[in-house]
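K.L.:
Below is one structure. I have some questions about it.
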Amino acid sequence: MVIMAIPTTSNRVARSFACRLANAGQDAFLLEPQRIDNGDEARYADKSGTYTKGILQAGIGLVDLNAYETFKKALSTGDPEDFAAIKLGGTQTLNGPQGGLAFNLDCPDNVQFTQPPAPPVASEDYATELVEMYWGSLLRDVPFTDYPNNQTAKDAAAELSSMSSYKGPRDHGVVTPQLLFRGGSANGTTFAGEIYGPYISQFLLQDTIMGAQPIIQRYMTFKAGVDFMKDKIAFQKVQNGQLTKNDLHIDTGPTLRLHDGRGLSALTHTDVLYQEFLMAYLLLNSLKVPLNPGNPYSLDNPDKSYSKTQNGFNTFGQPDIASTFAAVARQALNVVWYQKWYVHLRHRPESGGALVFLNKDPNPPNTAMAMPSSTVLDSNAVKTSFTENNSYFLSQAFPEGSPYHPAYPTGHGTVAGACITVLKFFFNGDLPWAWDILESRDGTEKDPCRTDSDGEYPKYHGDDADKLTVNGELHKLAHNVSFGHGIHAGIHWRSDTDTSIQIGEEVALSFLKERAHTYNEKFTVNLKKVDGSTATISNQ
């Protein structure tokens, strides 16, 4: 008789319960952080500095205060009947406020994450961000490759360079046209790698394959020069939720490679929220980027025992990687929707444009208590926008402007931060970008930015294009997506994106650390966070 070894499958129900209990117990003892908004809701009795879009409006930039109370009551009680009683201004409905009250079972609860308060309306940070928004609206149709020689881009770079509150990257203290609307910080320590190479991430330019299906990265876009909400009648209809979406701005011509701000806006207008990161995953596979060395099935793993006899599948393999995106994205959305509705209630840039209009128009229809700094009111950006559009409103890429939920933080940015963290967990993000570097100059085709024969790189930022890494392109991808749905479209502030990517990273790390205890394989994975520090996920 041969006695077979029996795997340790006994008592699995109790062991599973113990695993769940341990994770839940650990989460329960995490301190609940203090949540602080920017003070504008309490500061301005007319709520002109607070998100009120979709609720019945009283005038440009002003909400009907009785309707606002129905809105606040629902947020306070969380009762579905109170949400049903919110007094709206039209047929457009608020975008999922109860979603912020959903519980997480795979990471800490929504209230256990926090973000710093958004810049208040009267601050220089707010003014600087609004100046950047106006420049972004003016450059929507300019190809990124044309920025160095485009006068509007030069003017934008010059004005932002003069603003000490500008949080984007600089070159020796100067914002250059090549650095406009990029992620990263002035000292280069945050979101490493974003200032190098083409503006568009390689993950949005390189073609790939999904199973047997080729994926050609060409996209529908919007018609050049067609912007919205530039007059007070159109603006007020949208704020009341009375304007439905239309397709008159859709370009029905050939699909294009991503190459300008309008194209990024169009991509993020109708994307499946984590679709760009699924494409990145497929590209990592088709380029044969190695797994993270800490993956027990990686050929680079110090312990070769697994890779010699088996491969990963539903754990550490392709199904695991692909399904983790959706799971993490859901947790990230729960967290960000709580922050939006129940903490910050930051108003949208279009509302900032309305404050500019109220302060600049010689015959304003009403007044608002909230007033932005003269830094934006007297800016070259606003003057140029008025010359271009005969309007002080911030032009929008979408007929409906922003979605009907608060600005801060952003869903696209939070999901981006979570998804790139998942990719770093499974793949080796520290590798140099060893493949062709591509860009598209006019959207018709992708163009090589280096020739392998001589190894020369273009001078995007000094001579540093050879510093491209997988992680750097992932950081760039996260900002391309979130700024496409933000600065370029006119619907999100810079700070919405930067803080959102970081909170998304935090959600993903907590998710992965809890999931680590469900694997039978023993492993220790290290990955680089967006701030350059190392995060370790282990079950050993």
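K.L.:
Seen from all sides and averaged, what is the projected area of the convex hull of the Cα atoms in the chain, in nm²?
P.N.:
28.1 nm²
K.L.:
Residue by residue, what Karplus-based ³J(HN,Hα) values in Hz, rounded to whole numbers, does the stretch 341-349 have, using 6.51, -1.76 and 1.60 with θ = phi - 60° and x for Gly and Pro?
P.N.:
Values, residue by residue: 8, 10, 10, 9, 6, 6, 7, 7, x Hz.
K.L.:
Give me the distance between the Cα centres of the stretch 511-537 and the stretch 126-142, rounded to whole Å.
P.N.:
Rounded to whole Å, the Cα centres lie 38 Å apart.
K.L.:
Follow-up. Dividing the Cα radius of gyration by the Kirkwood radius, what Rg/Rh value follows for the stretch 236-387?
P.N.:
Dividing the radius of gyration by the Kirkwood radius yields 1.15.
K.L.:
Give the long-range amide H neighbours of Phe222: residues separated by 5 or more places, or on another chain, with amide H under 5 Å away, using H modelled in the peptide plane at 1.01 Å from N.
P.N.:
Amide H to amide H, under 5 Å and 5 or more residues apart or across chains, Phe222 pairs with Asp251, Ala266.
K.L.:
For the stretch 381-540, what is the charge dipole size about the Cα centre, in debye to the nearest 20, if Lys and Arg each add +1 at the Cβ and Asp and Glu each add -1 at the Cβ? Provide the component values of the computation, followed by the final result.
P.N.:
On the way: 14 positive and 22 negative charges, 119 e Å.
Here the size comes out at about 580 debye.
K.L.:
Check Val175: other-chain or 5+ apart residues with amide H under 5 Å from its amide H, H built from backbone geometry?
P.N.:
Ser161
K.L.:
Here's a follow-up. Roughly what angle does helix 12-28 make with the longest principal axis of the chain, taking Cα atoms, 0 to 90 degrees, to the nearest 10?
P.N.:
The angle comes out at about 40 degrees.
K.L.:
In what sequence do Thr91, Thr208 fall when counting other Cβ within 10 Å, fewest first?
P.N.:
Working: Thr91 11, Thr208 19.
Final ranking by Cβ density, sparse to dense: Thr91, Thr208.
K.L.:
How about Lys529: which lysines have a C-alpha closer than 28 Å to its C-alpha, ignoring those fewer than 8 places off in the same chain?
P.N.:
Within reach: Lys167, Lys288, Lys304, Lys340, Lys424, Lys459, Lys467, Lys476, Lys513.
K.L.:
Binning at 5 angstrom from zero up to the longest distance, how are the C-alpha pair distances of the stretch 142-237 distributed in percent?
P.N.:
2, 11, 15, 15, 15, 14, 13, 8, 4, 1, 0
K.L.:
Which of the listed residues, Asn301, Thr375, Asn314, is farthest toward the dipole's positive end in the chain, when Lys, Arg count +1 and Asp, Glu count -1 at the beta-carbon?
P.N.:
The one lying farthest along the dipole's positive direction is Asn314.
K.L.:
Further, regarding this structure: How large is the dipole of the stretch 271-391 about the Cα centre if only Lys and Arg carry +1 and Asp and Glu carry -1, each at its Cβ, rounded to the nearest 20 debye? Working shown, then result.
P.N.:
On the way: 9 positive and 9 negative charges, 43 e Å.
The dipole magnitude comes to about 200 debye.
K.L.:
Right, next: At 222 nm, what value in deg cm²/dmol follows for the chain if DSSP H runs of at least 4 each add -39500 (n - 2.57) and the sum is divided by all its residues, to the nearest 500? Please report the intermediate quantities before stating the final value.
P.N.:
Details: 17 runs with 200 residues, N = 540.
Rounded to the nearest 500, the figure is -11500 deg cm²/dmol.
K.L.:
Using θ = phi - 60° and the Karplus relation 6.51 cos²θ - 1.76 cosθ + 1.60, list the HN-Hα couplings for the stretch 199-215 in order, rounded to whole Hz, with x at every Gly or Pro.
P.N.:
With the stated coefficients, the stretch 199-215 comes to 5, 6, 4, 4, 6, 9, 10, 7, 6, 8, 8, 10, x, 9, 9, x, 10 Hz.
K.L.:
How many nm separate the modelled label positions at Gln275 and Asn66, each set 7 Å beyond the Cα in the direction of the Cβ?
P.N.:
Output for this residue pair reads 4.3 nm.
K.L.:
A follow-up question, please. Counting only C-alpha contacts under 8 Å and six or more residues apart, can you give the relative contact order of the stretch 88-180 as a whole percent?
P.N.:
Relative CO of the stretch 88-180 lands at 20 percent.
K.L.:
Something else: What percent do you get for the relative contact order of the chain when only Cα pairs under 8 Å and 6+ apart count?
P.N.:
The normalised contact order for the chain reaches 23 percent.
K.L.:
For the residues Ile60, Ile200, what sequence is obtained by ranking on other C-beta atoms within 10 Å, fewest first?
P.N.:
Placing the least packed residue first, the sequence is Ile60, Ile200.
K.L.:
Which value, in debye to the nearest 20, describes the size of the charge dipole of the chain about its Cα centre when Lys and Arg Cβ atoms bear +1, Asp and Glu Cβ atoms bear -1, and nothing else is charged? Don't jump to the answer; show the numbers that get you there.
P.N.:
Working: 45 positive and 59 negative charges, 206 e Å.
Using only the charged Cβ atoms, the result is roughly 980 debye.
K.L.:
Mind listing the long-range amide H neighbours of Asp447? Cut-off is under 5 Å, sequence gap 5 or more, other chains count too, H placed in the peptide plane at 1.01 Å from N.
P.N.:
Glu439, Ser440, Arg441
K.L.:
Hey, fewest Cβ within 10 Å first, where do Trp341, Trp493 land in order?
P.N.:
On the way: Trp341 23, Trp493 27.
Result, fewest neighbours first: Trp341, Trp493.
The numbers here are math on the coordinates, done by the rules we state, and not lab data. Worth saying up front: this structure is predicted, and the values here are computed from it rather than measured. Ideal geometry is used to build each Cβ from the backbone, glycine not excepted, and the neighbour counts take in all protein chains shown.
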